[in-house]
């Protein structure tokens, strides 16, 4: 690379990733094949439209790439259709909202402080100014059980156009069938945002909401799916011509979503990213990916168990997926921001996170969110979680520079042993 400054920064980031324990649950290590496709010659090509219906010439290869990505995604998630063009999970969600709702329509989604995502109705987003989001939450913090009685009452009262199931910082398994029962009762479209658990669903260790009666599934393609940064929308229904006018019926959702993505909210798709998505989908269809997905679950549950032994206070009492949410104020009388900084200084990367009924704001919350997808990718096994829990305890309780330096050495040694 001729730009020495950028080359140096890329090398520095590679070194950082090699020498840190990556415990942010929304991050992972994409394969060399995914990264190669992501940086491929397809970055030069404009491809507005869809295969066979483009607005630019020279599409013989882009059409084949996009069709391949669509077919692989459909196979992976047993969907009738896949739109592989969204640039992010946020845009995937936005596209579905606009495909099915008009401004002012009601969407019933999980409360941000109870684990929902910003795009599920947080007041700071443009989406919250466009649609009427009504929030549901958990019944109690110990069990983390969603209050389905409240959810049903809200659904009956507000008659939402969409009932959205999904989360950003919720550590329990979602009971898809209960959402379906309520959604069918009130005539709502059922949408699942599985951005965090898409890889666990693809690997067959968590249930697929499309199999339970959901109409739409949105996700990012990184996180547990281990692909490039991007979005994906899967749907049930009939695939039609997005150029033609079409009625708003559940059976037409694939076509309505295509129209919403382009020309609704996006212009040209990033073909290099779509190529990388296709590579990731193919990787996720291999038997070894199922082994990987199961290892994530095993590691997360073991880590949660070991942390509880060390008197960590875990929100929702533990985990049933890839992430763990720690109440660090209750556990160590430090904020999430302080905890994140202390761990980063010894080479452990995490992220501060709001917890239910948090008295602090999002920039200095009471929680710390950690996850195991990335360290599982580089070889972490269940027995490593015992050591990791002890490193985390030391990382949140060291009181001297000497302790910090020794811990940094131990973290480096642990990281090195994972990849040997």
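Please treat every number below as a calculation from the coordinates, not as lab data. Note that this is a predicted model, so its numbers are computed, not measured. For neighbour counting, all protein chains shown are included, and Cβ atoms are generated from backbone atoms with ideal geometry for every residue, glycine included.
In this calculation the C-beta distance from residue 364 to residue 185 is compared with R0 = 30 Å, giving a FRET efficiency of 0.15. Going 7 Å from the Cα of residue 178 toward and past its Cβ, which residues in segment 95-122 have a backbone nitrogen under 20 Å from where you end up? Under 20 Å, as judged by backbone N against the label point of residue 178, lie 108-117 of segment 95-122.
Axis angle, to the nearest 10 degrees, between helix 60-77 and the longest C-alpha principal axis of the chain: 70 degrees. Using 0.36 nm per residue and subtracting the Cα-Cα separation, the extra length available between residue 404 and residue 247 on full extension is 50.3 nm. Treating each Cα of segment 289-364 as one equal point scatterer and applying the Debye formula with no solvent, the log10 of I(q)/I(0) at q = 0.14, 0.17, 0.25 Å⁻¹ comes out as -0.50, -0.72, -1.23.
Computed over the Cα atoms of segment 299-420, pair by distinct pair, the Kirkwood hydrodynamic radius stands at 14.5 angstrom. Compared with the dominant Cα axis of the chain, that is its longest principal axis, helix 384-395 is turned about 70°.
By the Kirkwood approach, averaging reciprocal distances over each pair of separate Cα atoms, segment 70-195 gets a hydrodynamic radius of 15.0 Å. Using a simple spin-label model with pseudo-atoms 7 Å out from Cα toward Cβ, residue 418 and residue 397 lie 2.2 nm apart.
Computed from the Kirkwood radius of its Cα pairs, the Stokes-Einstein diffusion coefficient for segment 150-197 at 20 °C and 1.002 mPa s stands at 191 µm²/s. Based on the Cβ-Cβ distance of residue 309 and residue 88, what FRET efficiency does E = 1/(1 + (r/R0)^6) give at R0 = 51 Å, to the nearest 0.05? Using R0 = 51 Å, I get an efficiency of 0.85.
Taking every C-alpha pair closer than 8 Å and separated by at least 6 residues, the mean separation divided by the residue count of the chain gives a relative contact order of 22 percent. Mean projection of the Cα convex hull over all viewing directions, computed for the chain: 20.7 nm². Pairwise Cα distances in segment 47-91 exceed 17 Å for 38 percent of all pairs. Just the number, please: percent antiparallel of the DSSP beta bridges in segment 98-224, rounded to the nearest 5. Restricted to segment 98-224, the bridges split so that about 5 percent are antiparallel.
Using only the C-alpha atoms, the convex hull of segment 371-420 corresponds to 67 Å³ per residue. With neighbour counts taken as other beta-carbon atoms within 10 Å, the residues 331, 31, 143 rank, fewest first, as 143, 31, 331. A quarter of the convex hull surface defined by the alpha-carbon atoms of segment 24-122 gives 9.2 nm² as the mean projection.
The alpha carbons of segment 80-150 stretch over 39, 27, 22 Å along the principal axes, in descending order. The calculated FRET efficiency for residue 64 paired with residue 118, based on their beta-carbon distance and R0 = 30 Å, is about 0.25. Against the chain, whose longest principal axis comes from its Cα atoms, helix 148-158 is set at around 40 degrees. Note on segment 160-252: Cα-only Rg and Dmax are 14.0, 42 Å.
Full extension of the chain between residue 71 and residue 43 gives 7.9 nm of extra length, using 0.36 nm per residue less the Cα-Cα distance.
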